[in-house]
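Structure first, commentary second.
The values are calculated or read from the model by the stated rules, or taken from the named source; none is laboratory data. None of the values given here were measured: they were computed from a predicted structure. Ideal geometry is used to build each Cβ from the backbone, glycine not excepted, and the neighbour counts take in all protein chains shown. Surface areas here come from the heavy atoms of the whole protein model, side chains and all, with no ligands, DNA or RNA. Shrake-Rupley method; radii C 1.70, N 1.55, O 1.52, S 1.80 Å.
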Amino acid sequence: MKIAVMMVGNQISPHFGGSEKVCIYTIENGNVVAKEYFDMPEHRAGLFAKFIKEKGADVVIAGSIGERARYIFDTLGIKYFIGVLGDPDEAVEKLLKGQLKSNEALANEIHEREEGLNHHTHRHSHQHHHNGK
């Protein structure tokens, strides 16, 4: 089995489409036997999901996943756990113990916040000034 954990820095990426890299965990007999990091390709519709499939992933872990990626994963039979944040190794450990659960409410909250922030354009930078600075 292979588990793809979407990442930003060394944490689980809040937004699948905003991931910088993916860590592919190879699991044999319930244990992690390999970890490989891959930089994500340029973000285009559907490309990340196909990239994950090419890496042989059976499961994807991310903070949230957009509708198109969900549809592709459902079609390919790739499971996903969403609403999961924090340390990738801990999430994989939980999954292997059968303790990892999707948190749809958190995933939706993250997704709405991300959509509100950049709505899939990365050209606008918003600066917020507080405390009179």
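Worth pointing out:
- Sorting 69-80, 23-34 by their mean Cβ neighbour count within 10 Å, with the most densely packed peptide first, gives 69-80, 23-34.
- Using only the C-alpha atoms, the convex hull of the stretch 28-79 corresponds to 97 Å³ per residue.
- Carbon plus sulfur fraction of accessible area for the chain, probe 1.4 Å, in percent: 47 percent
- Kirkwood Rh in Å, taken over all unlike Cα pairs in the stretch 39-117: 13.3 Å
- Helical content alone sets the calculated 222 nm signal of the chain at -9500 deg cm²/dmol, taking -39,500 (n - 2.57) per DSSP H segment of four or more residues and averaging over every residue.
- Centroid-to-centroid separation of the stretch 13-35 and the stretch 86-101 [C-alpha atoms, Å]: 11 Å
- Probe 1.4 Å, accessible area per residue of the chain, Å²: 62 Å²
- Reachable lysines, given that their alpha-carbon falls under 30 Å from the alpha-carbon of Lys79 and they are not under 8 places away in the same chain: Lys2, Lys21, Lys35, Lys50, Lys53, Lys55, Lys94, Lys97, Lys101
- Positive contributions from Lys and Arg (+1) and negative ones from Asp and Glu (-1), summed over other residues with Cβ under 13 Å from the Cβ of Asn10, come out at -2.
- The Cα atoms of the chain define a convex hull whose projected area, averaged across directions, is 9.1 nm².
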